[in-house]
Amino acid sequence: MASTDGLGNPLSAASTRAQAGIDDFVGGLLAYETRAERILAAAQAAPDAVMAQVYAGWLWMFLESPEGPPRARRFLEAAQRAHARASDAFECLEADEVAAIEREAAQIRVLARWIEGDIAATNAAIDALIEHSPLGSRELLLVKLRQYLAFNRGDSPAMLRAILRVLPDHADNPHALGMAAFAYEQCHLLDEAEAAARGALALAPDEREPWAQHALAHVLLTRGQIEEGTRLLEGWRGGWIGLNSFMATHLAWHLALFLLARGRNAEALALYDGAVWGVSTSYSQDQAGAVQLLARLEWCGVDVGDRWRELAGFIAARGIDTVEPFLSLLYLYGLARASRPEADALLIAIRERAQVSAAAQPAAFAGTSADPSPVPLADSVWSDVVWPAALGLVAHARGEAARAWRPLGQALPGLVHIGGSHAQRDLFALLHVDAATHAGQWVDAQQALESRRRVDPDEVPVNRRLAALYRVLELPSLADEADRRARLHFPDSE
């Protein structure tokens, strides 16, 4: 008889230890808890447990590093061997055991395509399993992976499609509602996002559903509801113990954004030191979040001291990393801001990817002139978006505003395709405003800042910048009004 995982999916062979490891991975990944990491020990202890091997491969792929695929491949090969052994007795198996073996074969195909870097084939394999398997609606973990891969390419409609396929069967599952909430938010469907997030939190014990907390933080920030966002995140902080480093640091990062919006700069800097940086210093997302927050602190006028140098030492240890374009750009900025020579090596690697990308584009138009084939996104994003963004970021980091503002502006419209959330990619718009200001492009800066102020009229750093800008533009009454708003909530703020 086949056993099942926590979602009811059949497993062909799982000892008690392997079963516990698989359940820890499934539950831990959905809840962003550190117990997901126990899958590595389970896979080692149970070489015949196919899904333990598959999920151990997943864990290494989530490392988002060049070393991830080689490490994951070892577990893929172990899964393939275990599956072959289980399949030897295929004709003698019960129906549930057959279903388990067939499902595991499909799971192996997903991992294999992912390791190969063929994201389109990975997505197709996931979709086939979810849509055509009789138990496809139970594959909530595959839906999570489908959302993750779509998120890294800026395809928010695909994120939403994936969860809506299975949501009717998970309407009372707070994790599923949290997944729907973030997908809605990334599609700019804020009412639907808020409803799903609050629904998830109502179902979760003590509102402990971190992805729903995260989605609601996005909604409130986007709407300029700073006070509510601050209150909620500060209230939830006590429940973040036991979360993995990404989720714990990222929620703290969101809290820092709310604090900065109201001029609480010292508290945001303390949050960087105590909660955003230093939890898992080698992990991609922790490094990216730290770069993001240091850059935003500086945008708000905060002296961050020697923190860039300390952070860049850990980024430099990654070597040349162009696995994900969004992450590569943040690594690049962190290295350049710390004046590390590795920034030049990473810039060269990005240029090489862009050149390959540009060279591939003409071949995509081999059809008739009336109906040319579209350039695949993967073939164009590095040349059209990542390369100009990289040039602008390095120039900005080195204090060369006049060289930074134009390529940053060129990259802005296509940034959605590099991955990252709206709130994360907003950093590039902030740096573009800063470059425009220091390059004397005051009209560009004024337009961008006033657009931001429409969302949150009392945002402290925006009003401070507008006050200074309106004085340069000889509009003193507007400068005084912006200055008044900057001091509205915290008259003695820095």
Completion exercise
residue 315 fails exactly one of (1) closer than 21 Å to residue 431 by Cα; (2) open to solvent by less than 50 Å² (accessible area, probe 1.4 Å); (3) out of contact with any Phe, Trp or Tyr (no Cβ under 7 Å at 6 or more places or on another chain), namely (3)
Exercise for the section: Look at the range 429-441 and say how many of its residues are free of Cβ contacts under 8 Å to residues at least 60 places away in the same chain and either closer than 15 Å to residue 329 by Cα or part of a loop (DSSP other than H, G, I, E, B) (or both). Expected result: 5
Exercise for the section: Could you please let me know if residue 5 is modelled with pLDDT of 95 or more, on the phi < 0 side of the Ramachandran plot and crowded, with 19+ Cβ neighbours inside 10 Å? Expected result: no
Practice task
Kindly list, by first and then second residue, each pair from a residue in the range 325-341 that is closer than 23 Å to residue 383 by Cβ and open to solvent by less than 10 Å² (accessible area, probe 1.4 Å) to a residue that is assigned to a helix (DSSP H, G or I) and polar (S, T, N, Q), limited to pairs with Cβ atoms under 6 Å and residues at least 6 apart or on different chains.
Solution key: 327/284
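Among the residues of the range 289-312, what is the count of those that are open to solvent by less than 40 Å² (accessible area, probe 1.4 Å) and either in contact with a Pro (Cβ under 7 Å, 6 or more places away or on another chain) or in a loop (DSSP other than H, G, I, E, B) (or both)?
Counting residues in the range 289-312 that are open to solvent by less than 40 Å² (accessible area, probe 1.4 Å) and either in contact with a Pro (Cβ under 7 Å, 6 or more places away or on another chain) or in a loop (DSSP other than H, G, I, E, B) (or both) gives 4.
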Problem - the range 1-53: number of residues that are polar (S, T, N, Q) and part of a strand (DSSP E or B) - result: 2
Handout entry: Qualifying positions in the range 1-46 - touching a residue at least 60 places away in the same chain (Cβ under 8 Å), under 20 Å from residue 77 (Cα atoms) and among the polar types (S, T, N, Q)
Key = 12
Exercise for the section: Inspect the range 86-100 for any residue being of a type in the set (Phe, Trp, Tyr) and buried (at least 18 other Cβ atoms within 10 Å of the Cβ) and give the result as yes or no. Expected result: no
Practice task
Kindly state which helices (runs of 4 or more DSSP H) lie completely within the range 123-227 and contain at least 2 residues that are polar (S, T, N, Q).
Solution key: 210-223
Practice task
For residue 81, state whether it is buried (at least 23 other Cβ atoms within 10 Å of the Cβ), out of contact with any Asp or Glu (no Cβ under 7 Å at 6 or more places or on another chain), over 18 Å from residue 148 (Cα atoms) and of a type outside the set (S, T, N, Q).
Solution key: no
Completion exercise
Those residues of the range 449-474 which are in a helix (DSSP H, G or I) and open to solvent by 30 Å² or more (accessible area, probe 1.4 Å) amount to 450, 451, 452, 453, 454, 455, 464, 465, 468, 471, 472
Fill in the blank from the handout: Within the range 272-288, the residues that are open to solvent by less than 50 Å² (accessible area, probe 1.4 Å), assigned to a loop (DSSP other than H, G, I, E, B) and among the polar types (S, T, N, Q) are 280, 281
Practice task
Please tell me if residue 149 is of a type outside the set (Gly, Ala, Ser), at pLDDT 95 or above and either under 14 Å from the mean Cα position of the chain (by Cα) or surrounded by fewer than 24 Cβ atoms within 10 Å (Cβ to Cβ) (or both).
Solution key: yes
Fill in the blank from the handout: For the range 199-220 the number of residues that are at pLDDT below 95 and acidic (Asp, Glu) is 2
Exercise for the section: Kindly check whether there is at least one residue in the range 104-119 that is at pLDDT 95 or above, open to solvent by 50 Å² or more (accessible area, probe 1.4 Å), of a type in the set (Asp, Glu) and closer than 26 Å to residue 60 by Cα. Expected result: yes
Exercise for the section: Return the pairs, sorted by first residue and then second, in which the second residue is of a type in the set (A, V, I, L, M, F, W, C), the first residue lies in the range 191-209 and is open to solvent by 30 Å² or more (accessible area, probe 1.4 Å), the beta carbons are less than 6 Å apart, and the residues are 6+ apart or on different chains. Expected result: 194/219; 207/201
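The values are calculated or read from the model by the stated rules, or taken from the named source; none is laboratory data. Bear in mind the structure is a predicted one, so any value in this text is a computation, not a measurement. Virtual Cβ from ideal backbone geometry, glycine too; neighbours counted across all protein chains shown. Keep in mind that these areas ignore ligands, DNA and RNA; they rest on the heavy atoms of the full protein, side chains included. Shrake-Rupley method; radii C 1.70, N 1.55, O 1.52, S 1.80 Å.
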